[in-house]
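K.L.:
Sharing a structure with you now.
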Amino acid sequence: MIAIVQFDAVNLPHFHTLLEDNRLPTFKRLQARGQWCPLETDAVPWEGATYYSLYSGKGMTDHGLYFPFMWSAPDQRVRPQTDFPAPDFIWDRIGLAERRSLVIDPYDTCRFPHSLKGKAVSGWQFKHKVTMPRWSVPRNLQIELQRKYGRPPLVEEVYGYPSGPDLLSMRQHLLDAPRRCADAAVFLLEREPFDLVWITLSSAHLAGHWFLNPERLPQHDFNDAVAGDLNTALSDVYIAVDQAIGRILEALPSDAVLMVLSPSGMGQNSSRSHLLPGMLEAVLSETPSGESVEKSRGGNSLWRIRAAIPRGLRAWVARALPDRLTLELTARLDMRGMDWSKTPAFMVPSGDCGYIRLNLRDRERHGIVGPTQIPALLDRITSGLMSFRDPDGEPTVKHVESATENLHLNSHTHPFPDLIVHWNEHLPSHLAGVQSIDFGTVPSPGWGSGRTGEHCDGAWVLIVPGSYTRQAFSQTPHIVDIAASVCEFLGVDTQGLSGHSLLKTTSGKTSSEEESA
């Protein structure tokens, strides 16, 4: 058996502090037995590609999925990611070879397995409408677990000004989630054998988004008890994850090969993506220098709606609507009110970085920008965005990157954004706007996402190999190597995968070479 356990989206400084304080005893024991190495990841600047790359073993340019909501050029609108084709995941690939898997809560994929053999469940630790919908294989597994351990709660992420009661509710659900995961894993591992176990402990991920820096939450709204619970939330969740891993390890066979990994890091949220539509409009408009852009013609309608409608009401609507309708409504609101005949470039949905796409003729359904206009337009947008400053005078934008260069593409006929906006890493006040000497003031449409943490570099894997050792590499391994390692270990065809196995036998051969010998 090979077991993959995700201690998901870890903030390494916080993690190492807990390790040094002996508050993560399970991981500390594993660290003494295993080999730790960093991993290259898609998380920066393509956070939404991370899990599709990890679970499929294919790079982002092969699967083309980069965010939960993506631009559809033929439709001239944003669509949920589930409307786009997805690659086969590793459990489907090994299922075709009659290898059995136990999969619990794969994150941010939302795809029902089509050839998995064994057991799988999504939305078990908690349900999340965007990243962890409810399904199971077989279909009655979710009901069986629910009868034994109770229904999973709904964890809501409602962007905007954070609410103390909502944060406390989220904290409690995230603290309970690792125990629920371990309960299901131990129960199923005791009943039948599996070739692959892949378990994602996702509460560390969401805890990093919301509790990495409690000082960025509206502390003046909280009493001492609430503030105390929120201040320790991230540590408490990491400790709960460590305890769950300990229980899961006890249920694994003693000769199982184990990989504990974090496919991306978690760092401070310095994103100003809620300001980008207004900044872009200012750069592209004829607004005289020094005037404020008080209203947008479109493009940031979703951020304006988030600011205008109370958080509690938006949460109630999201709970009341079916999952698919919630995703579709979010997608359709994103570009509401756009006049495509006058829009040469626009922001598409993004998280850490900002994404800008040109409205190209013959690529977009209503494109207006000709091929010869592309270089000048990209330069104009880049230089314009770089002119903005935060209230303290610091540059708002760190740099603007061409997606064709980042992805090594040969043309602009691709489904990805054309420009990637990297924000200055210092932390602005939540309601601060930005100002340019050339394009005037762009006020903030609201609090932003409210998250205190966002994805960054810092992916890693800890390999506890048993009779296998880690391969020696001339360069840092990539997260796509995890799927290749599973296939090599189980003797399953790796054709079409982007990565290479991280494992070899003690004889120096990979597992497939050992079987051939």
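Condition check ((1) hydroxyl-bearing (Ser, Thr, Tyr); (2) on the phi > 0 side of the Ramachandran plot) across all residues:
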site: Pro68; (1), (2): no, no
site: Arg77; (1), (2): no, no
site: Pro80; (1), (2): no, no
site: Asp92; (1), (2): no, no
site: Asp108; (1), (2): no, yes
site: His114; (1), (2): no, no
site: Gly118; (1), (2): no, yes
site: Gly123; (1), (2): no, yes
site: Thr131; (1), (2): yes, no
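K.L.:
Which residue out of Ser289, Ser350 is polar (S, T, N, Q) and modelled with pLDDT under 75? Outline the logic, then answer.
P.N.:
Details: Ser350 fails: modelled with pLDDT under 75.
Going through Ser289, Ser350 in turn, the sole match is Ser289.
K.L.:
Also, I was wondering about something else. If a residue has to be of a type outside the set (Phe, Trp, Tyr) and either at positive phi or in contact (Cβ under 8 Å) with a residue 40 or more places away in the chain (or both) to count, how many in segment 381-396 make the cut?
P.N.:
Residues of segment 381-396 that are of a type outside the set (Phe, Trp, Tyr), as a first pass: 381-387, 389-396.
Among the residues that remain, those that are also either at positive phi or in contact (Cβ under 8 Å) with a residue 40 or more places away in the chain (or both) are: 381, 384-385, 387, 389-391, 393, 396.
Residues that pass the stated criteria total 9.
K.L.:
Select from segment 216-235 the residues that are touching a residue at least 12 places away in the same chain (Cβ under 8 Å) and acidic (Asp, Glu) and write down the one among them that is farthest from Glu47 (Cα to Cα).
P.N.:
Applying the first criterion (touching a residue at least 12 places away in the same chain (Cβ under 8 Å)) to segment 216-235 yields 216-218, 221-222, 226-227, 229-231, 233-235.
With the extra rule that they be acidic (Asp, Glu), the set shrinks to 221, 229.
Working: Asp221: 31, Asp229: 29 Å.
Among residues in segment 216-235 that are touching a residue at least 12 places away in the same chain (Cβ under 8 Å) and acidic (Asp, Glu), the one farthest from Glu47 (Cα to Cα) is Asp221.
K.L.:
Sort out which residues of segment 247-279 are polar (S, T, N, Q), open to solvent by 10 Å² or more (accessible area, probe 1.4 Å) and closer than 30 Å to His422 by Cα, and write them in order of number.
P.N.:
If we filter segment 247-279 for residues that are polar (S, T, N, Q), which is where we start, we get 254, 262, 264, 268-271, 273.
The next check asks that each one be open to solvent by 10 Å² or more (accessible area, probe 1.4 Å); those that pass are 254, 268-271.
Within segment 247-279, Gln268, Asn269, Ser270, Ser271 qualify.
K.L.:
May I pose another question? Identify, from the list Trp124, Trp210, the residue that is in a loop (DSSP other than H, G, I, E, B), surrounded by 21 or more Cβ atoms within 10 Å (Cβ to Cβ) and modelled with pLDDT of 95 or more. Write out each step before concluding.
P.N.:
On the way: Trp210 fails: in a loop (DSSP other than H, G, I, E, B).
Residue meeting the stated conditions: Trp124.
K.L.:
For segment 358-378, enumerate the residues that are open to solvent by less than 90 Å² (accessible area, probe 1.4 Å) and touching a Gly at 6+ places or on another chain (Cβ under 7 Å).
P.N.:
Answer for segment 358-378, where residues must be open to solvent by less than 90 Å² (accessible area, probe 1.4 Å) and touching a Gly at 6+ places or on another chain (Cβ under 7 Å): Asn359, Leu360.
K.L.:
Tell me which residues, restricted to segment 358-372, are assigned to a strand (DSSP E or B) and more than 31 Å from the chain's Cα centre (by Cα). Quick ask: steps written out before the conclusion?
P.N.:
Initially, segment 358-372 is screened for residues assigned to a strand (DSSP E or B), giving 358, 360, 369.
Hit for segment 358-372 is Val369, nothing else.
K.L.:
Here's a follow-up. Within segment 27-53, track down each residue that is open to solvent by less than 10 Å² (accessible area, probe 1.4 Å) and part of a helix (DSSP H, G or I).
P.N.:
Of everything in segment 27-53, those that are open to solvent by less than 10 Å² (accessible area, probe 1.4 Å) and part of a helix (DSSP H, G or I) turn out to be Phe27, Leu30, Gly48, Ala49, Thr50, Tyr51, Tyr52, Ser53.
K.L.:
Wholly within segment 393-497, which strands (runs of 3 or more DSSP E) include no fewer than the required count, namely at least 1 residues that are aromatic (Phe, Trp, Tyr), more than 20 Å from the chain's Cα centre (by Cα) and over 30 Å from Leu217 (Cβ atoms)?
P.N.:
Working: elements: 397-402, 419-423, 434-436, 440-442, 453-456, 459-464, 468-470.
In segment 393-497, the matching strands (runs of 3 or more DSSP E) lie at 468-470.
K.L.:
Sticking with this structure for a sec: Quick one: Pro218 ticks every box in (1) open to solvent by less than 40 Å² (accessible area, probe 1.4 Å); (2) out of contact with any Pro (no Cβ under 7 Å at 6 or more places or on another chain) except a single one, so which number is it?
P.N.:
(2)
K.L.:
For segment 6-18, does any single residue satisfy the condition of being exposed (fewer than 15 other Cβ atoms within 10 Å of the Cβ), more than 30 Å from Pro349 (Cβ to Cβ) and of a type in the set (A, V, I, L, M)?
P.N.:
No, segment 6-18 contains no residue that is exposed (fewer than 15 other Cβ atoms within 10 Å of the Cβ), more than 30 Å from Pro349 (Cβ to Cβ) and of a type in the set (A, V, I, L, M).
K.L.:
To continue, here is another question. Assess whether Leu189 counts as being open to solvent by less than 10 Å² (accessible area, probe 1.4 Å), touching a strand residue (DSSP E or B) at 6+ places or on another chain (Cβ under 8 Å), closer than 23 Å to Pro253 by Cβ and not hydroxyl-bearing (Ser, Thr, Tyr). Working first, answer last.
P.N.:
Numbers: open to solvent by less than 10 Å² (accessible area, probe 1.4 Å): no; touching a strand residue (DSSP E or B) at 6+ places or on another chain (Cβ under 8 Å): yes; closer than 23 Å to Pro253 by Cβ: yes; not hydroxyl-bearing (Ser, Thr, Tyr): yes.
No; evaluated as a whole, the condition is false for this residue.
K.L.:
Within segment 416-446, work out how many residues are open to solvent by 70 Å² or more (accessible area, probe 1.4 Å) and either at pLDDT 90 or above or of a type in the set (Gly, Ala, Ser) (or both). Working first, answer last.
P.N.:
Pass one, segment 416-446, residues open to solvent by 70 Å² or more (accessible area, probe 1.4 Å): 425, 429, 431, 435, 437-438.
Keeping just the survivors that are either at pLDDT 90 or above or of a type in the set (Gly, Ala, Ser) (or both) gives 425, 429, 435, 437-438.
The qualifying residues number 5.
The values are calculated or read from the model by the stated rules, or taken from the named source; none is laboratory data. Predicted model, so just to flag it, every value in this text is computed and none were measured. With ideal geometry, Cβ positions are generated from the backbone for all residues, glycine too; neighbour counts draw on all protein chains shown. Accessible surface is based on the protein model in full, side chains and every heavy atom, while ligands, DNA and RNA are left aside. Shrake-Rupley method; radii C 1.70, N 1.55, O 1.52, S 1.80 Å.
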